[in-house]
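Beneath this line is the structure, given in structure tokens, with notes to follow.
The values are calculated or read from the model by the stated rules, or taken from the named source; none is laboratory data. Bear in mind the structure is a predicted one, so any value in this text is a computation, not a measurement. Positions of Cβ are backbone-derived with ideal geometry, glycine not excepted, and every protein chain shown enters the neighbour counts.
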Amino acid sequence: MSGNSIGNLFRVTTFGESHGKLIGCIVDGVPPGIILSISDLQFDLNRRKPGCSMYVSSRKELDKIEILSGIFNNKTTGTPIGLLIKNEDCVSEDYENIKNVFRPGHADFSYYKKYKIRDYRGGGRSSSRETAMRVAAGAIAKKYLKETLGIKIFAFLSQVGNIIFSLTDIQEISKNKFFCPEKKKLSKLKSFLDSIKNDGDSIGSKVTIVADRVPAGLGEPVFDKLDADIAHAMMSINAVKGVEIGDGFNVVKMKGSQNRDEISKKGFLTNHSGGILGGISTGQRIISHLSIKPASSISIPCKTIDKNGNDVILSVKGRHDTCIGIRAVPVAEAMMAIVLMDHFLRNRAQCGK
């Protein structure tokens, strides 16, 4: 299976399956001399791990990260950093009764058609379990970008169903389990998710990612545009079905006189572009939005087939997310950091400091 790596100079390769012994990654291209410890990585992993609320998977994983290489005396050596997390709470028997059945909305059908074999336990390689390693790698990039350039990356839940959340309080994002920036709407969100969960259903969501203090000049002008690489990284996250940069699809109803970002001697007057023009950062906030589909593993019966082509009525049991977007927040932050880190190193190599 190819396509397990992302990045050029800062390159992340992940491996492992949902119900295998462990998941892991190799992070290559990390500059030497960065002070790095397990706690630097564990913070974001704790934000992503399952079992944090009744609206996400109840799988009990501590997600304790282990550093295998690339660190000496608490500093990066410039050599590949090997990371792993052991899987501790696999309940593979939950999947025995559906091992020959394709779950609609999952990768079961497409994986089987491609490889003629699939790990049915929790989705195997297609499981969002893999994203824990992205978060670990992204934590390295976030630390470097913050300490070297002052870049701060944060994401938040900006919509669930028809409930829209505005960025009214950045500090509030870290104070609740939903990564929601509007405290006054938390009770409404909880009630809505309770009703969805009680129905045995799930709901879609939107996540917004912001990168502050990104310098102008990151990105390439043609195929490796910064926004193209961000879109590629975000689209690789499980369940993401749409990516927007800046105003995104709202530009469809805008006029050129409204959408262009006018400039004065004090800087840009607006940021409809999301901080990227011609594939290169402008020095403004980089803003991206993700649309995330509702989880397909729900108890409401549906029609499907088994691998022999027989019609089957399926009701999925087990531990699943009511709203995938909640745990996608730290993953989206990590992917933004990985892309920005890679492009910063590329820009430094070509253009110098």
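Inside segment 308-353, residues that are surrounded by fewer than 18 Cβ atoms within 10 Å (Cβ to Cβ), in contact with an Asp or Glu (Cβ under 6 Å, 6 or more places away or on another chain) and among the aliphatic types (A, V, I, L, M) make up a count of 1. Considering segment 306-353, the residues that are part of a helix (DSSP H, G or I) and within 27 Å of residue 199 (Cα to Cα) include one that is modelled with the lowest pLDDT, namely 327. Looking only at residues in segment 105-129 that are closer than 22 Å to residue 202 by Cα and aromatic (Phe, Trp, Tyr), the one that is surrounded by the fewest Cβ atoms within 10 Å (Cβ to Cβ) is 109.
With the requirement that a residue be among the hydrophobic types (A, V, I, L, M, F, W, C) and touching a Leu at 6+ places or on another chain (Cβ under 7 Å), what does segment 166-202 give you? First the steps, then the outcome.
Filtering segment 166-202 down to residues among the hydrophobic types (A, V, I, L, M, F, W, C) leaves 167, 170, 173, 178-180, 186, 189, 192-193, 196.
Residues satisfying the conditions are 178, 179, 180.
Search segment 262-288 for residues being in a strand (DSSP E or B) and among the hydrophobic types (A, V, I, L, M, F, W, C), and hand back the single one that is surrounded by the most Cβ atoms within 10 Å (Cβ to Cβ). Applying the filter and picking the extreme gives 286. Only residues that are closer than 20 Å to residue 193 by Cβ, out of contact with any strand residue (DSSP E or B) (no Cβ under 9 Å at 6 or more places or on another chain) and not in a strand (DSSP E or B) were counted across segment 135-167, and they come to 1. Could you grab me the full set of residues in segment 115-141 that are more than 19 Å from residue 5 (Cβ to Cβ) and not hydroxyl-bearing (Ser, Thr, Tyr)? 116, 117, 118, 119, 121, 122, 123, listed by residue number.
Give the residues of segment 191-235 that are surrounded by fewer than 16 Cβ atoms within 10 Å (Cβ to Cβ) and among the basic types (Lys, Arg), sorted by residue number. The answer is 213, and nothing else. For segment 215-243, the candidate set comprises residues that are in a loop (DSSP other than H, G, I, E, B) and touching a Phe, Trp or Tyr at 6+ places or on another chain (Cβ under 9 Å); within that set, the residue that is nearest to residue 12 (Cα to Cα) is 218.
Taking each residue of segment 243-261 that is in contact (Cβ under 8 Å) with a residue 40 or more places away in the chain and surrounded by 12 or more Cβ atoms within 10 Å (Cβ to Cβ) and looking for partners that are of a type in the set (A, V, I, L, M, F, W, C) and in a helix (DSSP H, G or I) with beta-carbon atoms closer than 6 Å, six or more apart or interchain, yields 243/231; 243/234; 243/235.
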